[in-house]
Amino acid sequence: MQILSIQLKNIKSHRDTELHFSPGINVLSGPNGVGKSTIFEAIGYALFGVDAQSFVGNVDRFVTIGARRGEIAVVFQLAEDGRYRVSRSVGTASKWLLAKEVGGDFEVEEHKDSKETEGRIKELLGLRSVRSLAEQFELVIGPFQHEFLGPFVIKQATKRRDKFDEILGIDTWRKTFNETKVLTSAIKARVDALESAIGPLQSQVAELPAKREEHQAAQKDLAQAEKDLVLQQRQLKDLEGLLLTVDEREKQLKELEKEVETLKERISNGNEMIGKQKLLVEEAEKAHKIIAATTPGKKAYEQAEKQLGELREKLKVQRQQEQEVADLKNQLARLTERFKVETQTIQGTREELAAEEKTLVEGRKALSLDDEQKALAERLPQIRVNLEGVRKQLGLLEGRRAGLEEGNEKLAEGICPFFQEPCLNIAASPPADVFSAKFSELDQACRRLQKEVQEFELEEKAASGANDQLKAIAVKLEGLDSQLVKLAERRNLNELKAESLVALQKEQSTAQQQLDEKHKVLDTYSRLQTDIEAAEKEKMRHQEARDRYLANQQQAEELDQRRADLEKFDKHLKQLQNNLEARQAAFSGAGKAYDAAEHERLRQQKDNLWGGVSALGQKIKGLVIDVSRLAGEVDKLKKIEQEIVDKRGRIKAYKEKDELVKFLRNRVFRNVSGYLSERFREEISQRANRIYRIIAEIDEELAWGDNYQIVLRDMVAGELRERADDQLSGGQMMSAVVALRLAMLQTIGARIAFFDEPTSNLDVTRRENLAHAFRAIDVGKEEVTEHWYDQLFLISHDVAFTEITDQIITIGEGD
């Protein structure tokens, strides 16, 4: 088995660190505080499932400051089963995942929980001990630096023995022996408790025979009472049958009596109803005569009312016509007023427009510019062209003068301005004779051109002013033209309004014509009010006849129905009288068949039987309760009797268990731990002694004595000398511990191991020897031990390991 690499993200000081390991011995080096021990802790956390609180008091301190979550991934190789990666997160919702490499990718194996993941890793690592992976790592494979010497330097022999028994996994037998010591006492206590409980139970069971006899007597009384109850219930049933017949006769007699009374009441009510109905018939006959007398008056009233309705409809039409006449008058008045106002408005607008037009024409005449100014403004572009030409000529002359001045300076020095060498052409005459005439000509020409520029500038200024004035006048004229156009539009609109007055005159004429026609129509309604008054008088004359007709109309219409109802009432009354005679005869016959005194005697007899049955029922209920109670008490005593039997059986079983516990404790548990301890110490001592001799390079024998005490033996003056505990130096103790730990690792079958600063307290020679011992183990030198490591991980600052290691990993330099 080989760990190939580890990756830490946000674990203590490691923000993102990845390390790769080689087979054999790997040494982690670097200054203190860079996180070397954290690498071992991370391997223990991810690969062996060690709780982070074993490294730090608070899990949050295992994560880098400022981070919420950490991640550790370890990749390891198995010789026959391929490559695996185990990863475990630190923080909320921590996950522990195992993945196998398949086709270059890692596929996570499905495990139901962390226990199953741990079992699978134990299987892959070949660590099949009953102890958890975390315990095996903390105790043997990778003990923390402060725990490296811990169990070896415990002074109390018993505590040291218990600690190493725990490390070697043989403490179970001793713990079992100690823990089973209380079993015998517990068993004796149970037996005593059971025996003490049996005494009171036996005193209760002594009442069982008497309770059984009492229960049997209660059952006999219950059976007799039930027989008596059945007899009386039979008699009561027969009596109830006879009484039912008599009750039926009584009921029939009462019903007949009730029917007779009912028929008498109905006959009385019928006579009363017939009397009322006769009065209704008389009233209807009287109303019929009144209807016959008032019918002509009622018809005359309806005719007058109809005529009055027609006249009132005409009155509505008249009022509508009068309203239309009033509306036409108002319309005609509005049209007349509108015509007058619009005529005045149009004339006023004409006069206003004429005045505005006159003002605009006069303003246009005032804006005219004289011909001289116009000509000057038109010459402005040509003036500017001339001015620019003169300025260019002046610039050329000034350039020529500057060139002549430069040539004059050069020639004054006797240097040719073109070839920059002495000039032979002017060697005989001074330079002033060459340029003085040209400077004079240029000055005259410049003065002439400057005068022309001044003249052109004045002329341009005047022309520019004339041009600006011309533009301003053009803008004003354009505004006046625009106002004239708007004025013409307003004049057109005003004339259109004048033309619309013709249509308004026509509308006024039409309204007058309609008004005249309405007046003609109203003349036809001149007698309408007189006709209405006459019709109202005719209606009032026949009002009384019509009211009497309506008041008696309903009764007259009901005459036939009232006569039919009276005939029906007479017929029904006769039928009731016949029914009364028949019911009276039936009542007389039923009274002869019913004896009230006999009926009362049967009722009294029934009540007496009911009392006897009720008393027997209550007695039976009490007996049932007694029987049930006694049966419960008997059953309870039977259970107590069975409980006594069960307790005696349990006492027997506990005594058998007590014998078995005593046998196991005295014959098995007491001796197994000592035997296994002796066997492990002997095996580990042999291996550790060979390693120790290599480290110490002296003729001393290392032995692991009773209670796991480190003992060194040598010969002094021909006598055997043994030294232990305080008699050993720090270097001897550290060498012995390293040798014993290596031997223990080999004994439990671990293929990897972790040592944090194993050379502490060793001198130079012993450190070098320890380094060579590790190398000897790794290469399999027989004088040390057989080769059993796949990888060995060390944290050390010792240079002795640089010669024997397969890889040195420096932490803090680019990690």
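Measuring between alpha carbons in the structure, the pairs from 329/520; 486/506; 237/606; 12/115; 122/159; 358/471 lying more than 20 angstrom apart are 486/506; 12/115; 122/159; 358/471. Each part gets one Cα centre, and for segment 505-572 versus segment 161-234 those centres are 116 Å apart. Looking at the square roots a ≥ b ≥ c of the eigenvalues of the Cα gyration tensor of segment 98-143, which shape do they give, rounded for a/c under 1.5, prolate if a/b is larger than b/c, or oblate? In terms of gyration-tensor shape, prolate. Backbone geometry of segment 51-68 corresponds, through the Karplus equation with coefficients 6.51, -1.76 and 1.60 at θ = phi - 60°, to 3J(HN,Hα) couplings of 5, 4, 5, 6, 8, 10, x, 10, 4, 4, 6, 7, 9, 4, 4, x, 9, 9 Hz, x marking Gly and Pro.
Convex hull volume of the Cα atoms of segment 441-536, normalised per residue: 121 Å³. Close amide H partners of residue 30, meaning residues 5 or more places away or on another chain with modelled amide H under 5 Å apart, are 811. For the peptides 27-33, 495-501, residues were scored by their other Cβ atoms within 10 Å and the scores averaged per peptide; the highest-first order is 27-33, 495-501. The mean of 1/r over all distinct Cα pairs in segment 306-383, once inverted, gives the Kirkwood hydrodynamic radius of 19.6 Å. Computed on the chain, with alpha-carbon pairs under 8 angstrom and 6+ residues apart, the relative contact order is 26 percent. Across segment 82-234, the relative contact order, built from alpha-carbon pairs under 8 Å that are at least six residues apart, equals 8 percent. Phi-derived couplings, Karplus 6.51 cos²θ - 1.76 cosθ + 1.60 at θ = phi - 60°, listed residue by residue for segment 446-460: 5, 5, 4, 5, 5, 5, 4, 4, 5, 5, 5, 5, 5, 5, 5 Hz, with x used for Gly and Pro.
Sorting 520-530, 459-469 by average packing, meaning the other beta carbons within 10 Å per residue, from highest down gives 459-469, 520-530. Taking every protein chain into account, the accessible area of segment 70-223 amounts to 56 square angstrom per residue (probe 1.4 Å). Using a probe of 1.4 Å, the accessible surface attributed to residue 188 totals some 120 Å² when neighbouring protein chains are kept in position.
Every helix of 4 or more DSSP H residues in the chain counts as -39500 (n - 2.57), and over all residues that averages to -25000 deg cm²/dmol at 222 nm.
Per the Kirkwood formula applied to alpha carbons, the chain shows a radius of gyration over Rh ratio, Rg over Rh, of 1.47. Structural size metrics of segment 265-337, computed from C-alpha coordinates, are Rg and Dmax of 29.7, 94 Å.
Apolar share of the accessible surface for segment 576-732: 49 percent from carbon plus sulfur atoms, 1.4 Å probe.
Here the 3J(HN,Hα) profile of segment 384-399, calculated from phi with Karplus coefficients 6.51, -1.76 and 1.60 at θ = phi - 60°, is 5, 5, 4, 4, 5, x, 5, 5, 5, 4, 4, x, 5, 5, 5, x Hz, Gly and Pro shown as x. For a modelled paramagnetic label at residue 524, 7 Å from Cα along Cα-to-Cβ, the residues of segment 318-353 in reach, with backbone nitrogen under 13 Å, are 318, 321. With Cα atoms as the point set, the radius of gyration and Dmax of segment 90-245 evaluate to 38.7, 114 Å. Shape call for segment 163-276 from the C-alpha gyration tensor, a ≥ b ≥ c root eigenvalues: rounded (a/c under 1.5), prolate (a/b greater than b/c) or oblate? Oblate, because a/c is 1.5 or more while a/b does not exceed b/c.
Surface analysis of segment 239-398 yields an accessible area of 69 Å² per residue, using protein heavy atoms and a 1.4 Å probe. For segment 125-181, the Cα gyration tensor yields ellipsoid semi-axes of 21, 18, 6 Å (square root of five times each eigenvalue, largest first, whole Å). If each of residue 249 and residue 675 carries a label point 7 Å out from its Cα toward its Cβ, how far apart are those two points in nm? A separation of 11.0 nm, rounded to one decimal place. Of 704, 96, the residue with the largest accessible area leads and the full order is 96, 704 (1.4 Å probe). Summarised as an ellipsoid, segment 34-160 has semi-axes of 27, 20, 13 Å, derived from the eigenvalues of the Cα gyration tensor scaled by 5 and square-rooted, with the largest first. Spread over its residues, the convex hull of the C-alpha atoms of segment 515-636 is 443 Å³ per residue.
When the alpha carbon coordinates of segment 10-59 are projected onto the principal axes, the ranges are 32, 24, 18 Å, largest first.
Considering only beta bridges that DSSP places wholly inside the chain, some 75 percent are antiparallel. Protection proxy ranking, highest mean first, for peptides 439-446, 297-304: 297-304, 439-446, where packing is the per-residue count of other beta-carbon atoms within 10 Å, averaged.
The values are calculated or read from the model by the stated rules, or taken from the named source; none is laboratory data. On a predicted model such as this, the values are computed, not experimentally measured, just so you know. Counting neighbours? That spans all protein chains shown, and the Cβs are built from the backbone with ideal geometry, glycine included. Areas reflect the complete protein model, heavy atoms only, side chains present, ligands, DNA and RNA absent. Shrake-Rupley method; radii C 1.70, N 1.55, O 1.52, S 1.80 Å.
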